[in-house]
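First the structure, in the form of structure tokens, and then the observations on it.
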Amino acid sequence: MNATFSIWRGDAEGGAFREYVTEVSEGMVVLDAVHRIQADQAGDLAVRWNCKAGKCGSCSAEINGLPRLMCMTRMSDLPLERPVALAPMKTFPLIKDLVTDVSWNFQVKKGVKKFKPRPPDAPDGTWRIDQADIERVQEFRKCIECYLCQDVCHVLREHHLQESFIGPRFFAYVAALEMHPLDTEDRLAELKETQGVGFCNITKCCTRVCPEEINITDNAIIPLKERVVDEMYDPLRKLFRLFRGS
Amino acid sequence: MLDGRDSRLENHLTAQVQTHEHDVLVIGAGGAGLRAAIEASTAKVSVGLVCKSLLGKAHTVMAEGGIAAALSNVDERDSWKVHFADTMRGGQYVNNWRMAELHAREAPARVRELEAWGALFDRTRDGRILQRNFGGHRYPRLAHVGDRTGLEMIRTLQDHGIHQGIDVHMEYTVVSLLKDGERVSGALAYDREKGMLHLFRAGAIVLATGGIGKAYRITSNSWEYTGDGQALAYDAGAELMDMEFVQFHPTGMVWPPSVQGILVTEGVRGEGGVLLNKEGRRFLFDAIPENYRSQTADNEEEGWRYTQGDKSARRPPELLTRDHVARCIMREIREGRGSPHGGVFLDISWIKRRLPDAEAIIRKKLPSMYHQFLKLADIDITRQPMEVGPTTHYIMGGVRVDAETQMSSVPGLFAAGECAAGLHGANRLGGNSLSDLLVFGQRAGAHATRFVKDHRAGQIDQDQVDAAARAALAPFEGDGGEGGAEAYRVQHDLQEMMQDMVGIVRRESEMAQAVEHLAKLRDRAARVRVDGNRAYNPGWHTALDLRNLITVSEAVARSALERKESRGAHFRDDLPAPDPAFARVNVVAKKGPGGEMRVERRPIPEIPAELKQIIEEMK
């Protein structure tokens, strides 16, 4: 059986959707079709990928307008009576074809204060942690950094607030650090001042596109917003901060 | 080539090579590369880290089961000595014993260090790092996070490393190493985004490029694993060792075809999963090797008790070493007792007969396997068996290095992790890879730093730069193939050929034929023409990767011909038994003076009495 793909070809200078017809066999995912087109018809078609098993988060794209991983999107789940539209993530600057410049994300991460553990619990330099205390954090640590949540977030996609808003991926990252049972760092001031947690208005678009099914909005962003409110706007704490001189 | 064209090309080259300078250049940013870069940066030398993909996407991210380290948190009988003996037994005693010793001694500290950097492993009841069972490990030894340990490890190293002042060059590929006399002095690379060439001057170089899986059709490896480090080192005059030992992981997905080869973690068996043929028989009970008999359960009941933590029980035969399990699976398939799509069944769902909350346990212990099968194969592993078969997973061989320093035979050139040889011998135990990356990544980083402090940087020879640049751009001037698809075709033909002729079951005649085929493929690869320009052009990248793939494939085939016996992962149909004479040698491949590949047998150094005694005591 054949399927038609309408793939964006071009670079920052410009480009257009181009159609390719290729054979689709049982169990195929979109990335397989892209590879087949690449090998047979378009040797220089740019696509980023690695594991092909939903574990590395490299092959993010917009498939029929939806941000998804190409390696985890089955052809059998797409309507094939019309061309399958493949476009690069819109939020990031285009490099070529399906590949975008996601380096901004790496810059943002560098700006988050690093993990700072409490002193070890045992004389041998190790810690004792209850399994229950790590499970909440493990959810965020499942993140494969595909940046689909960043792509779909309207604060970045429509309003381009990259300078003052770190996006859902990094709220989940900050949440993982803040809720890490050993961490002693305080990241709340930055969250409010420079990382823009207040800009999120909880539309949950990020949660819906997450291939790891991380509950970014409910479990990361909302608790962070609450912490910021508790810390920054609570009058008693404000007074306390005044005396503490911070 | 026409003169005019040539000089245009030259202008092109010299005008566009950008220069970078680092004390230590690390090539590859998986576990070993990141750990090496962190170590070197801690010593305050300038560190460059070059990675073929984006940071955090390297194959380490795919590791599922865990990190082997004798922490003795779950079973106090464990110690470095047991881990050492297990590693040597698994490697059929052709391992570098000193590396096996260092690895077993240092792995616990490397794991604890990860925790200090933020990694969150699953816990024991008293809050320590939990350890799970794995093939070939006598006691539960693998620190893990569900079945996504590799992600936890690479993210921890990455997130720690970005605050260390390391210069990361993402989506850069090194195409050639540069030398000053005998020693290494730099490297030439291209970036994927623009296709620009980059000259790296370096006081020392650490290769950490991983494996060669893309030489085979069925593999768990991604596009990156084209033997770059091994081939770069070989071309620079270093020796490759043990290249005949390619690990075929027993359990890769087999259906649907597009997912063939994707890894199914050994953790499934560690948690009680069983391998069945189409008759429903646990065929691994049928052939337990002699050297493992005393440690292996001879009935299903005892095997089950072992997976549930009964310390008096012996492990089930599903947890024998990977080479053995893979061969048993091949036997079942060949003899007509396989599953409908040419594999065998791997069943974890059966544990519901033993445990009331089996479904929740499976989803908790094996979340990514659950997800992977549900999404890609419409299989709910809590209810149905999986279909699995062997997949090319890992190479035990690689750059021959000094055990203490990880330096190759080329001064200033180090190698760590999968691209280095020695630790695993003829077969790697599951879980010993992640610990390998940490232990020897750390050592390579430390010793590369020391090398830089003890030696003045070498000079860059412009002729070498020009030659490497010309070779890198040659595919735009090639005359081979129509329509720009030739690079992909050569790669495909190579993979088919290696799969068929130098695969799990080997024969002299087929391997000799493979060597001849490789010469033809090399000619085709040299003439490949690619379409398009230098900006993010996968056809061009594939054409350049081919050269490395063919070099390492030749090393695999020639080394396999030289080892005239069966041992570990190297199985010869025509010589199915081990030969004691070969227990005393490693096979080494090196470039001869005329550019031809030479292989020779190298005696294994005598093992010290105290280590020998440990091995004997644990037998």
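Out of the residues in region B:330-353 that are part of a helix (DSSP H, G or I) and aliphatic (A, V, I, L, M), state the one that is farthest from B:Arg383 (Cα to Cα).
B:Met330
Which of the residues belonging to region B:356-379 are more than 10 Å from chain A (Cβ to nearest Cβ) and assigned to a loop (DSSP other than H, G, I, E, B)?
If the condition is that a residue be more than 10 Å from chain A (Cβ to nearest Cβ) and assigned to a loop (DSSP other than H, G, I, E, B), then B:Pro356, B:Asp357, B:Leu366, B:Ile379 are the ones that fit.
I'm checking my understanding of the structure. Among residues of region A:89-126 that are more than 7 Å from every other protein chain (Cβ to nearest Cβ) and not in a loop (DSSP other than H, G, I, E, B), which one is farthest from the chain's Cα centre (by Cα)?
If we take residues in region A:89-126 being more than 7 Å from every other protein chain (Cβ to nearest Cβ) and not in a loop (DSSP other than H, G, I, E, B), then A:Leu94 is farthest from the chain's Cα centre (by Cα).
If only one of B:Ser559, B:Ser566 is on the phi < 0 side of the Ramachandran plot, surrounded by 21 or more Cβ atoms within 10 Å (Cβ to Cβ), of a type in the set (Ser, Thr, Tyr) and touching a residue at least 24 places away in the same chain (Cβ under 8 Å), which one is it?
Answer to the check: B:Ser559.
Within 12 Å of chain B (Cβ to nearest Cβ), in contact (Cβ under 8 Å) with a residue 12 or more places away in the chain and part of a loop (DSSP other than H, G, I, E, B): is that true of A:Gly54 in this structure?
Yes; evaluated as a whole, the condition is true for this residue.
Residue under question is B:Gly118, and the condition is that it be in contact with an Asp or Glu (Cβ under 8 Å, 6 or more places away or on another chain), closer than 18 Å to A:Ala122 by Cα, without any contact (Cβ under 8 Å) to a residue 40 or more places away in the chain and at the interface with chain A (Cβ under 8 Å from one of its Cβ atoms); does it hold?
The answer is no for B:Gly118.
Looking only at region B:529-553, which residues are of a type in the set (Ser, Thr, Tyr), over 20 Å from B:Glu596 (Cα atoms) and either away from chain A (no Cβ under 13 Å) or touching a strand residue (DSSP E or B) at 6+ places or on another chain (Cβ under 7 Å) (or both)?
Of everything in region B:529-553, just one residue is of a type in the set (Ser, Thr, Tyr), over 20 Å from B:Glu596 (Cα atoms) and either away from chain A (no Cβ under 13 Å) or touching a strand residue (DSSP E or B) at 6+ places or on another chain (Cβ under 7 Å) (or both), namely B:Tyr536.
Tell me the residue from B:Arg192, B:Arg183 that is over 25 Å from the mean Cα position of the chain (by Cα) and more than 12 Å from B:Leu55 (Cβ to Cβ), please.
The conditions single out B:Arg183.
Across region A:19-34, which residue is surrounded by the most Cβ atoms within 10 Å (Cβ to Cβ) among those that are of a type outside the set (Val, Ile, Thr) and in contact with a Phe, Trp or Tyr (Cβ under 8 Å, 6 or more places away or on another chain)?
A:Ala33
Scan region A:158-175 and give yes if some residue there is within 29 Å of A:Leu45 (Cβ to Cβ) and without any contact (Cβ under 8 Å) to a residue 40 or more places away in the chain, otherwise no.
Within region A:158-175, one or more residues are within 29 Å of A:Leu45 (Cβ to Cβ) and without any contact (Cβ under 8 Å) to a residue 40 or more places away in the chain.
With respect to A:Ile129, determine if the residue is within 12 Å of another protein chain (Cβ to nearest Cβ), farther than 19 Å from A:Trp49 by Cβ and hydrophobic (A, V, I, L, M, F, W, C).
yes
Name the one entry in B:Val399, B:Val388 that is assigned by TED's automatic domain parsing to the domain that holds B:Ser258, crowded, with 24+ Cβ neighbours inside 10 Å and on the phi < 0 side of the Ramachandran plot.
B:Val388
Looking at region A:20-29, can you tell me whether even one residue there is more than 30 Å from B:Gly165 (Cα to Cα), within 12 Å of chain B (Cβ to nearest Cβ), in contact with a strand residue (DSSP E or B) (Cβ under 7 Å, 6 or more places away or on another chain) and in contact (Cβ under 8 Å) with a residue 60 or more places away in the chain?
Within region A:20-29, none of the residues are more than 30 Å from B:Gly165 (Cα to Cα), within 12 Å of chain B (Cβ to nearest Cβ), in contact with a strand residue (DSSP E or B) (Cβ under 7 Å, 6 or more places away or on another chain) and in contact (Cβ under 8 Å) with a residue 60 or more places away in the chain.
Looking only at region A:135-168, count how many residues are away from chain B (no Cβ under 14 Å), out of contact with any Gly (no Cβ under 9 Å at 6 or more places or on another chain) and among the hydrophobic types (A, V, I, L, M, F, W, C).
Residues that pass the stated criteria total 1.
Out of all the residues in region B:312-329, which are part of a loop (DSSP other than H, G, I, E, B) and more than 20 Å from the chain's Cα centre (by Cα)?
Those that are part of a loop (DSSP other than H, G, I, E, B) and more than 20 Å from the chain's Cα centre (by Cα): B:Ser312, B:Ala313, B:Arg314, B:Pro316.
Exactly one of these conditions fails for A:Ser58: (1) polar (S, T, N, Q); (2) touching a Phe, Trp or Tyr at 6+ places or on another chain (Cβ under 7 Å); (3) surrounded by fewer than 18 Cβ atoms within 10 Å (Cβ to Cβ); (4) within 30 Å of B:Gly165 (Cα to Cα). Give me its number.
Of the numbered conditions (1) polar (S, T, N, Q); (2) touching a Phe, Trp or Tyr at 6+ places or on another chain (Cβ under 7 Å); (3) surrounded by fewer than 18 Cβ atoms within 10 Å (Cβ to Cβ); (4) within 30 Å of B:Gly165 (Cα to Cα), the odd one out for A:Ser58 is (3).
Taking region B:495-545 on its own, how many of its residues are part of a helix (DSSP H, G or I), in contact (Cβ under 8 Å) with a residue 60 or more places away in the chain and of a type in the set (A, V, I, L, M)?
Adding up the residues that qualify gives 3.
Assuming B:Ile379 fulfils every condition listed in (1) in contact (Cβ under 8 Å) with a residue 12 or more places away in the chain; (2) surrounded by fewer than 24 Cβ atoms within 10 Å (Cβ to Cβ); (3) under 19 Å from B:Met253 (Cβ atoms) apart from one, which condition is it?
The failed condition is (1).
Here are A:Leu66, A:Leu78, A:Leu45, A:Leu86: which of them is within 12 Å of another protein chain (Cβ to nearest Cβ) and touching a residue at least 12 places away in the same chain (Cβ under 8 Å)?
A:Leu45
How many residues are over 17 Å from the mean Cα position of the chain (by Cα) and either outside any strand (DSSP E or B) or assigned by TED's automatic domain parsing to the domain that holds B:Arg534 (or both) if we restrict to region B:16-45?
The total comes to 10.
Table: residues versus (1) crowded, with 16+ Cβ neighbours inside 10 Å; (2) outside any helix (DSSP H, G or I).
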{"site": "B:Thr265", "(1), (2)": "yes, yes"}
{"site": "B:Gly280", "(1), (2)": "no, yes"}
{"site": "B:Phe285", "(1), (2)": "yes, no"}
{"site": "B:Ile288", "(1), (2)": "yes, yes"}
{"site": "B:Arg293", "(1), (2)": "no, no"}
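Before we move on, is B:Ile550 of a type outside the set (Phe, Trp, Tyr), touching a residue at least 12 places away in the same chain (Cβ under 8 Å) and within 20 Å of B:Thr391 (Cβ to Cβ)?
So B:Ile550 does not fit the description; no.
In region B:480-494, which residue that is in a helix (DSSP H, G or I) and charged (D, E, K, R) is modelled with the lowest pLDDT?
B:Glu486
Just give me the residues in region B:463-499 being closer than 23 Å to B:Arg217 by Cα and either hydroxyl-bearing (Ser, Thr, Tyr) or not assigned by TED's automatic domain parsing to the domain that holds B:Leu546 (or both), in sequence order.
B:Tyr488
So, in region B:421-435, of the ones that are in contact with a Ser or Thr (Cβ under 8 Å, 6 or more places away or on another chain) and not in a loop (DSSP other than H, G, I, E, B), which residue ends up nearest to B:Ser185 (Cα to Cα)?
Top of the filtered list is B:Leu434.
Looking at (1) basic (Lys, Arg); (2) more than 29 Å from B:Ala474 (Cα to Cα); (3) crowded, with 24+ Cβ neighbours inside 10 Å, can you tell me which one B:Arg192 breaks?
(2)
Regarding A:Val108, is this residue assigned by TED's automatic domain parsing to the domain that holds A:Ala172 and under 30 Å from B:Ala109 (Cα atoms)?
Spelling it out, it is not the case that A:Val108 is assigned by TED's automatic domain parsing to the domain that holds A:Ala172 and under 30 Å from B:Ala109 (Cα atoms).
The values are calculated or read from the model by the stated rules, or taken from the named source; none is laboratory data. This structure is a prediction, so every number in the text was calculated from the model and none was measured. Don't worry about glycine lacking a Cβ; one is built from the backbone with ideal geometry, like all the others, and counts go over all protein chains shown.
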